[in-house]
Each structure stands twice: as C-alpha cells, then as structure tokens.
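What follows is a set of notes on a single structure, which appears directly below.
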Amino acid sequence: MASPQQPVPIRVRARRGACALVLCCALVAAAACDGGTSSRGGDEHSLTPSPVGELLSTSDATGDQLREVDREGAPDVRIAVRPGAAENWDVRLTVTNFRFSAERSGTDGAATTGRGYAVLYLEGRRLARLHQPRYRLSAASLGRGTHELTVRLHADDGTVWAVDGQAVEDVARVTLAPRKDAPAG
C-alpha cells in the first residue's frame with residue numbers, strides 16, 4: 001500500500017526547477033529592457049545620456065563632440081617636449097584628475113569620470129592616440145622651423161573632455177633649427 005506522502009519523482013522536480021529558472025530569467029530580462037523606454041518618458045529612439053558630464057552640441061576643431069564637466073575636479077593636461085636620443089623628441093604629459101585607460105582593441109568604452117586617453121596632434125593633424133603619458137616623436141616627422149603639438153584629453157567613448165565649452169588640451173611649440181654641419185643653401 002502506498003503511503004499518503006509519496007516522494008515526487010526526481011524528473012518532475014528538475015522540470016519544475018528549470019521552469020522556475022526560465023521564468024526568473026525572463027522577468028529579469030524584461031525589467032532590464034524596460035520595453036525600450038526610459039523612466040523619463042522617452043521612446044525607443046532616445047539615447048540615455050551618460051551620467052558623466054553633459055554632452056554639448058558643439059565639437060572641437062577635429063569634429064569630436066565635447067563632454068562638459070565642472071571646473072572643480074576636471075581633468076587637466078600639460079605637455080612638455082624635450083630633445084631626446086638620436087635626434088628624436090621626448091613628449092611627456094602631466095595629467096591631473098585623469099587616468100589613462102588600458103588600450104582597447106575594437107570599440108570604445110563608456111565615459112567614466114576622469115578616465116580615457118590623449119590624442120596628440122602635429123600642426124592640427126592627428127599623430128597618435130596615447131594610453132600612457134610618454135611618446136617619442138621622430139625628428140623625421142618634423143622639418144626645419146617651428147611646429148605646434150597639441151594634446152587633447154578624450155573619454156573612452158571618444159568624446160573630448162571640456163570645461164567652460166573648451167576642450168581640455170595643451171599646446172607646445174617645437175623649433176627645429178638647421179644642423180650646424182649642414183651646408184647653407
């Protein structure tokens with residue numbers, strides 16, 4: 001004779017557990033998607049702004065969008081250029097309230113307060129994307145005369161850090177004089 005409380009077969013318990021797991025996953029996914037709308041009443045085509053700074057409708061000279069942050073605690077950069085070995089130039093950046101992000105392959109990440117990379121420009125032409133505060137500039141890339149190097153700080157999403165509507169950047173001038181042993185011409 002069977003006892004009044006027979007154990008539930010293992011297969012039935014496993015099926016119930018799997019159904020409960022699928023149901024929980026579906027509820028979590030639906031809550032995360034929020035039906036394609038934000039809690040502020042936007043539609044599925046509106047972008048949720050990053051909580052870091054304010055995206056401005058203006059861009060820098062190269063077309064990159066500016067990300068405005070308060071002056072207090074804003075990232076800052078200074079550039080120094082010195083003669084280096086083998087007629088090269090050593091470029092050194094000093095940053096404040098900023099940390100270089102690790103180099104990523106592929107897509108850019110999200111903007112994070114005080115993090116990102118620097119872009120070095122020579123005469124307004126993009127020269128290098130820097131994930132560290134040092135760069136060796138080849139003398140071969142410079143001709144005689146005075147050249148302008150600009151460094152600009154970017155967030156990991158590609159926007160340019162800005163304060164008071166101006167990109168966070170610094171400029172250095174490098175003058176390459178003719179070699180003394182070169183014939184006059």
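Report the far tail of the P(r) of segment 88-154, meaning the percent of Cα-Cα pairs longer than 16 Å.
Tail fraction, whole percent: 50.
List the residues, sorted by chain then number, that are 5 or more residues from residue 160 or on another chain and whose placed amide H is less than 5 Å from its amide H.
Placed amide hydrogens put 65, 66, 67, 155 under 5 Å from residue 160.
Give, in nm to one decimal, the length gained when the segment between residue 85 and residue 140 is fully stretched (0.36 nm per residue of separation minus the Cα-Cα distance). It would help to have the intermediate numbers written out before the result.
Numbers: separation 55, 0.36 × 55 = 19.80 nm, distance 1.31 nm.
Using 0.36 nm per residue and subtracting the Cα-Cα distance, I get 18.5 nm.
For 174, 119, 151, which order do you get if you count the other beta carbons within 10 Å of each Cβ and list the fewest first? Mind showing how you got there, number by number?
On the way: 174 18, 119 21, 151 24.
Placing the least packed residue first, the sequence is 174, 119, 151.
Kindly write out, for segment 164-173 in residue order, the coupling ³J(HN,Hα) from the Karplus curve 6.51 cos²θ - 1.76 cosθ + 1.60 (θ = phi - 60°), rounded to whole Hz, with x marking Gly and Pro.
Listing the rounded values in order: 6, x, 10, 4, 7, 8, 8, 10, 10, 10 Hz.
Suppose the chain between residue 125 and residue 173 were pulled fully straight at 0.36 nm per residue; how much longer would it get relative to their current alpha carbon spacing? Let's see the in-between values first.
On the way: separation 48, 0.36 × 48 = 17.28 nm, distance 1.45 nm.
Roughly 15.8 nm would be gained on extension.
Fewest to most neighbouring Cβ within 10 Å: what's the order for 131, 147?
Taking fewest neighbouring Cβ atoms as first place, the list is 131, 147.
If you average 1/r across every pair of different Cα atoms in segment 54-176 and take the reciprocal, what Kirkwood value do you get, in Å?
On the way: mean 1/r = 0.0674 Å⁻¹.
This gives a value of 14.8 Å.
In whole Hz and in residue order, list the ³J(HN,Hα) couplings for segment 62-67 that follow from phi through the Karplus curve 6.51 cos²θ - 1.76 cosθ + 1.60, θ = phi - 60°; x for Gly and Pro.
Here the 3J(HN,Hα) series is 9, x, 7, 5, 8, 10 Hz.
Return the sequence-ordered ³J(HN,Hα) values of segment 80-88 in whole Hz as given by the Karplus equation 6.51 cos²θ - 1.76 cosθ + 1.60 applied to θ = phi - 60°, using x for Gly and Pro.
10, 10, 10, x, x, 6, 6, 6, 8
Values in this text are rule-based calculations from the coordinates and carry no lab data. Being a predicted model, the structure only gives us computed values, none of them experimental. Methodologically, a virtual Cβ is constructed for each residue, glycine included, from the backbone with ideal geometry; neighbour enumeration extends over all protein chains shown.
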